[in-house]
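Undergrad: Could you have a look at this structure, given as structure tokens, before my questions?
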Amino acid sequence: MANVKHMKWWGWGVEGIAFTYDNKPAFAPFVKKAVGLELDGSAGSSVSFSDLTLPSSTIDQAFLAELGAIVGTDNAIVDDELRLVHTYGKSIRDLLRIRASDLPRMPDVVVYPADEAEVSAVVSAAVAANAVIIPFGGGSNISGSLEPHPGEARVVISLDLGRLNKVVSIDEGSGLARIQAGAQGPFIEEQLGARGWTMGHFPDSFTHSTLGGWVATRSSGMQSDKYGDIADIARGLRMVRPAGIVDIRPVPSASTGPSVREMILGSEGRLGVITEVTVQVHRTPEVREINGYLFPNWEAGIAAMHEISESDARPTVTRVSDARESGFSFATGKAKTGFDPQKVLMAYLKRRGWDLEGINLSFIGFEGSKSHVAYEKKIVARIVKKHGGLGVGKGPGVLYDQKKFDTPYLRDFLLDRGAAADVSETAAPWSRLNEIHDAVYAAANEAYEQIGTPGWIMSHLSHSYHSGACLYFTFAFVHGGDTAIAQYDVVKRAIQQAFVDHGGTISHHHGVGREHAPWLEQDISTEGVALMSGLFTAADPKKNFNPDKVITY
Ligand SMILES: Cc1cc2nc3c(=O)[nH]c(=O)nc-3n(C[C@H](O)[C@H](O)[C@H](O)COP(=O)(O)OP(=O)(O)OC[C@H]3O[C@@H](n4cnc5c(N)ncnc54)[C@H](O)[C@@H]3O)c2cc1C
């Protein structure tokens, strides 16, 4: 069997790692206050694989043998757990549906090609048989980008790129690395790091997502302020199509008509299978540091991030959490014995007249030579001070850096105990960020009233650009069991609508999939959707490539 590791079928990450609130005394009271959920130390209720009802595979032996002849019989697999892992991504909707056995259509077979030639052969065989091909990276998307259409009558192949996982070569003279599309974050950085390079792309899902998936969803990492989004980082591409390979060479910029590279970015498997990407890489910096700052309120934090984006400083991360999200961060802190610097700091701020409930916690990252980092930190310190903020040093930044990939486990913990939590993000001009923030809060709170349960919403700004920034919202509520997805839809719809109504996009970095497709027309206009639809129809007239995503039937 293919030696490709997958996440748990029922949640985030790998078996054996889970969120715990041991030694986090503020966590249980925080959850009680936020969503009314009583944490009593019990393990909660999870789901066992044998409780699920799964539809059988519809692939016939002859086609399975044909695929097996291309990739090896061990790499064309009909196995229920593998099929399940390849059905959905990791949104709360996906996790709720799995727990409810809401699985109308699963892939019939999971195929693991070893190289581009095998991808091409599988694509040819699949198109000849009029089968559906769904490229699979790490399965971490939260936009419904993988699931087969419930009524799909044709054979559905999940084409897992997990064996295409090598850094092929590095052009050290240009800072370009050729990397296979199925490589996951840690493996890429390990390979590059060993030769003194970094790609600088660190999405929160870094540990379980792939280069091909990042490109296919237009991903953005937490250090995008310096390194760019994947759309900036990915310079060259190779994508398998039924009639051949699209080969976009890694030139720094080009004036060659509408950009085919851009058409592939965000295509979510609808145009073909990406096998290789040439990315920009940078020398590992001499200094890497994330510092903590506090602001007395949200408006001050946003104004400071805006001013930093216009300054001579070019931090890697500019992030500020609103008061609610800051409260959440404080609540997940470990208990201290003896001297507690946080307590001392809070006492100091109180003396200076700060409203402790209104504190906004910020992280700003710096990379480069010692002198460059010192120069940037000086600029940032001046701006933070101007907006009434305060630097609190490296300590909180070190903690943030260590914990940043652990947060997703919390969602499974809450789900086991009856609470649904998920995220929605947007990007908008600087001039509209405060308006969007307030509008989303109002929309979510109205939605909670509508579904009749107390709910939680919190937000941070991340990913700053010249003209605006990304706002990222996390929401949670105790769900009503069978009605959980309907309740989730009410909240999610309210938030997405508030984005478009107030000048934001429906998705800054999570793609469209099926989840955000209903708002696409409001975002890019009717004619915009018509253009995109024309591209998909011309490129894939029989809808063999991951149909029903981005633009749905
Ligand atoms: C806890 C959590 C945190 C997250 N944090 C971030 C974040 O910080 N930034 C961010 O950008 N996203 C984030 N995401 C979303 C997700 O990780 C991204 O969308 C990621 O880019 C998906 O990559 P993947 O390899 O898992 O792709 P998959 O989920 O396997 O696939 C996603 C889509 O891409 C297509 N695809 C995958 N590989 C290929 C290929 N080789 N060729 C053609 N199409 C392909 C699939 O068909 C599908 O349509 C997060 C998700 C979770 C659950």
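The values are calculated or read from the model by the stated rules, or taken from the named source; none is laboratory data. If you're wondering where the values come from, they're calculated on a predicted model, not measured in any experiment. Using ideal geometry, Cβ is built from the backbone for each residue, glycine included, and neighbour counts are taken over all protein chains shown.
Undergrad: Got at least one residue in region 222-235 being near the ligand (Cβ under 7 Å from one of its atoms), buried (at least 21 other Cβ atoms within 10 Å of the Cβ) and under 30 Å from GLN402 (Cα atoms)?
TA: So in region 222-235, the residues near the ligand (Cβ under 7 Å from one of its atoms) come out as 222.
Going one step further and asking which of them are buried (at least 21 other Cβ atoms within 10 Å of the Cβ), we end up with 222.
Then drop every residue that is not under 30 Å from GLN402 (Cα atoms), which leaves 222.
Yes, that holds for at least one residue.
Undergrad: While we're looking at this one, here's another question. Can you say whether GLY185 is within 15 Å of the ligand (Cβ to nearest atom), over 18 Å from MET239 (Cα atoms) and surrounded by 18 or more Cβ atoms within 10 Å (Cβ to Cβ), as far as the supplied structure shows? Please lay out each step first, then the result.
TA: Working: within 15 Å of the ligand (Cβ to nearest atom): yes; over 18 Å from MET239 (Cα atoms): yes; surrounded by 18 or more Cβ atoms within 10 Å (Cβ to Cβ): yes.
Yes: the conditions hold for GLY185.
Undergrad: Has region 415-425 got at least one residue that is buried (at least 18 other Cβ atoms within 10 Å of the Cβ) and within 20 Å of THR316 (Cα to Cα)?
TA: Yes, some residue in region 415-425 is buried (at least 18 other Cβ atoms within 10 Å of the Cβ) and within 20 Å of THR316 (Cα to Cα).
Undergrad: In addition: Test each condition in (1) crowded, with 23+ Cβ neighbours inside 10 Å; (2) in a helix (DSSP H, G or I); (3) aromatic (Phe, Trp, Tyr) for TYR293 and report the one that comes out false.
TA: (2)
Undergrad: Only residues in region 225-245 that are outside the structural domain of ALA538 (by TED's automatic domain parsing) and under 12 Å from GLN280 (Cβ atoms) count as the first member; pair them with residues that are acidic (Asp, Glu) and in a helix (DSSP H, G or I), Cβ under 6 angstrom, at least 6 apart or cross-chain, and list the lot.
TA: Matching pairs, first to second residue: none at all.
Undergrad: A further question follows. Return the only residue of SER101, SER145 being of a type outside the set (Lys, Arg), part of a loop (DSSP other than H, G, I, E, B), closer than 30 Å to TYR409 by Cβ and more than 13 Å from the ligand (Cβ to nearest atom). Show your work before the answer.
TA: Details: SER145 fails: more than 13 Å from the ligand (Cβ to nearest atom).
Exactly one residue qualifies, and that residue is SER101.
Undergrad: If I ask for residues that are more than 23 Å from the chain's Cα centre (by Cα), hydrophobic (A, V, I, L, M, F, W, C) and closer than 30 Å to ALA194 by Cα, which ones from region 263-310 would you list?
TA: VAL287, the sole residue that qualifies.
One line per residue, one yes/no per condition, for (1) out of contact with any Leu (no Cβ under 6 Å at 6 or more places or on another chain); (2) farther than 24 Å from ALA484 by Cα; (3) at pLDDT below 95:
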{"position": "MET1", "(1), (2), (3)": "yes, yes, yes"}
{"position": "ALA18", "(1), (2), (3)": "yes, no, yes"}
{"position": "ASP22", "(1), (2), (3)": "yes, yes, yes"}
{"position": "SER45", "(1), (2), (3)": "yes, no, yes"}
{"position": "SER57", "(1), (2), (3)": "yes, yes, no"}
{"position": "ALA62", "(1), (2), (3)": "yes, yes, no"}
{"position": "LEU84", "(1), (2), (3)": "yes, no, no"}
{"position": "SER91", "(1), (2), (3)": "yes, no, no"}
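Undergrad: Assess whether PRO150 counts as being within 21 Å of LYS403 (Cβ to Cβ) and either among the charged types (D, E, K, R) or part of a loop (DSSP other than H, G, I, E, B) (or both). Show your work before the answer.
TA: On the way: within 21 Å of LYS403 (Cβ to Cβ): no; either among the charged types (D, E, K, R) or part of a loop (DSSP other than H, G, I, E, B) (or both): yes.
Spelling it out, it is not the case that PRO150 is within 21 Å of LYS403 (Cβ to Cβ) and either among the charged types (D, E, K, R) or part of a loop (DSSP other than H, G, I, E, B) (or both).
Undergrad: Okay, moving on. Going by the structure shown, is ARG261 closer than 23 Å to SER533 by Cβ, outside any loop (DSSP other than H, G, I, E, B) and not aromatic (Phe, Trp, Tyr)? It would help to see each step written out before you state the result.
TA: On the way: closer than 23 Å to SER533 by Cβ: yes; outside any loop (DSSP other than H, G, I, E, B): yes; not aromatic (Phe, Trp, Tyr): yes.
The answer is yes for ARG261.
Yes/no matrix, rows are residues, columns are (1) in a helix (DSSP H, G or I); (2) under 16 Å from PRO396 (Cα atoms); (3) not assigned by TED's automatic domain parsing to the domain that holds GLY200:
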position: HIS306; (1), (2), (3): yes, no, yes
position: ARG319; (1), (2), (3): no, yes, yes
position: SER326; (1), (2), (3): yes, yes, yes
position: PHE330; (1), (2), (3): yes, yes, yes
position: GLY338; (1), (2), (3): no, no, yes
position: LYS343; (1), (2), (3): yes, yes, yes
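Undergrad: Can you tell me which of MET239, MET263 is within 20 Å of SER158 (Cα to Cα) and among the aliphatic types (A, V, I, L, M)? Talk me through it step by step, then tell me what you get.
TA: Values: MET263 fails: within 20 Å of SER158 (Cα to Cα).
Going through MET239, MET263 in turn, the sole match is MET239.
Undergrad: Is there a residue being touching a Leu at 6+ places or on another chain (Cβ under 8 Å) and modelled with pLDDT under 95 anywhere in region 356-364? Steps first, answer last, please.
TA: Filtering region 356-364 for residues touching a Leu at 6+ places or on another chain (Cβ under 8 Å) gives 356, 359-362.
Still in the running and modelled with pLDDT under 95: 356.
Yes, the conditions are met somewhere in region 356-364.
Undergrad: Kindly evaluate PHE473 against the criterion of being crowded, with 22+ Cβ neighbours inside 10 Å, within 16 Å of the ligand (Cβ to nearest atom) and under 15 Å from ILE457 (Cα atoms). I'd like the intermediate steps shown before the answer.
TA: On the way: crowded, with 22+ Cβ neighbours inside 10 Å: yes; within 16 Å of the ligand (Cβ to nearest atom): yes; under 15 Å from ILE457 (Cα atoms): yes.
For PHE473, the condition - crowded, with 22+ Cβ neighbours inside 10 Å, within 16 Å of the ligand (Cβ to nearest atom) and under 15 Å from ILE457 (Cα atoms) - is met.
Undergrad: If you don't mind, another one. Considering only region 168-201, state which residues are within 21 Å of GLY137 (Cβ to Cβ) and part of a loop (DSSP other than H, G, I, E, B).
TA: Within region 168-201, ALA181, GLY182, ALA183, MET199, GLY200, HIS201 qualify.
Undergrad: Looking at region 129-142, which of its residues are more than 6 Å from the ligand (Cβ to nearest atom) and either under 24 Å from the mean Cα position of the chain (by Cα) or among the acidic types (Asp, Glu) (or both)?
TA: Taking region 129-142 as the starting set, the residues that turn out to be more than 6 Å from the ligand (Cβ to nearest atom) are 129-133.
If the condition is that a residue be more than 6 Å from the ligand (Cβ to nearest atom) and either under 24 Å from the mean Cα position of the chain (by Cα) or among the acidic types (Asp, Glu) (or both), then ILE133 is the only one that fits.
Undergrad: While we're on this one: Looking at THR198, THR256, THR210, which is the one that is near the ligand (Cβ under 10 Å from one of its atoms) and of a type in the set (Val, Ile, Thr)? Working first, answer last.
TA: Working: THR198 fails: near the ligand (Cβ under 10 Å from one of its atoms); THR256 fails: near the ligand (Cβ under 10 Å from one of its atoms).
Result of the check over THR198, THR256, THR210: THR210.
Undergrad: Here's another thing I want to ask about it. Restricting the first residue to region 532-553 and requiring it to be farther than 23 Å from ALA128 by Cβ, which pairs with a second residue that is among the small types (Gly, Ala, Ser) and part of a loop (DSSP other than H, G, I, E, B) meet a Cβ separation below 8 Å and a spacing of at least six or different chains?
TA: Hits for this filter: VAL550/GLY266; VAL550/SER267; VAL550/GLY511; VAL550/GLY513.
Undergrad: Also: Taking region 260-278 as the search range and keeping residues that are within 9 Å of the ligand (Cβ to nearest atom) and among the hydroxyl-bearing types (Ser, Thr, Tyr), which one is surrounded by the fewest Cβ atoms within 10 Å (Cβ to Cβ)?
TA: The extreme case among them is THR275.
Undergrad: What residue, of ALA125, ALA117, is under 30 Å from GLU189 (Cβ atoms), more than 12 Å from the ligand (Cβ to nearest atom) and out of contact with any His (no Cβ under 6 Å at 6 or more places or on another chain)?
TA: Numbers: ALA125 fails: under 30 Å from GLU189 (Cβ atoms).
After ruling out the rest, the residue left standing is ALA117.
Undergrad: Related question: Kindly provide the set of residues from region 347-371 that are touching a residue at least 40 places away in the same chain (Cβ under 8 Å) and either surrounded by fewer than 12 Cβ atoms within 10 Å (Cβ to Cβ) or not in a strand (DSSP E or B) (or both), ordered by number.
TA: If we filter region 347-371 for residues that are touching a residue at least 40 places away in the same chain (Cβ under 8 Å), which is where we start, we get 349, 354-355, 358-370.
The answer is LEU349, TRP354, ASP355, GLY358, ILE359, SER369, LYS370.
Undergrad: Here's a follow-up. For region 515-528, name all the residues that are surrounded by fewer than 18 Cβ atoms within 10 Å (Cβ to Cβ) and either of a type in the set (Lys, Arg) or within 25 Å of SER91 (Cα to Cα) (or both). Walk me through it before giving the result.
TA: So the first thing to find is which residues in region 515-528 are surrounded by fewer than 18 Cβ atoms within 10 Å (Cβ to Cβ), and the list is 518, 521-522, 524-528.
The answer is PRO518, GLU521, GLN522, ILE524.
Undergrad: State yes or no: is ASN165 at pLDDT 95 or above, touching a His at 6+ places or on another chain (Cβ under 8 Å), in a loop (DSSP other than H, G, I, E, B) and within 13 Å of the ligand (Cβ to nearest atom)?
TA: Details: at pLDDT 95 or above: yes; touching a His at 6+ places or on another chain (Cβ under 8 Å): no; in a loop (DSSP other than H, G, I, E, B): yes; within 13 Å of the ligand (Cβ to nearest atom): yes.
Judged against the criteria, ASN165 is not a match.
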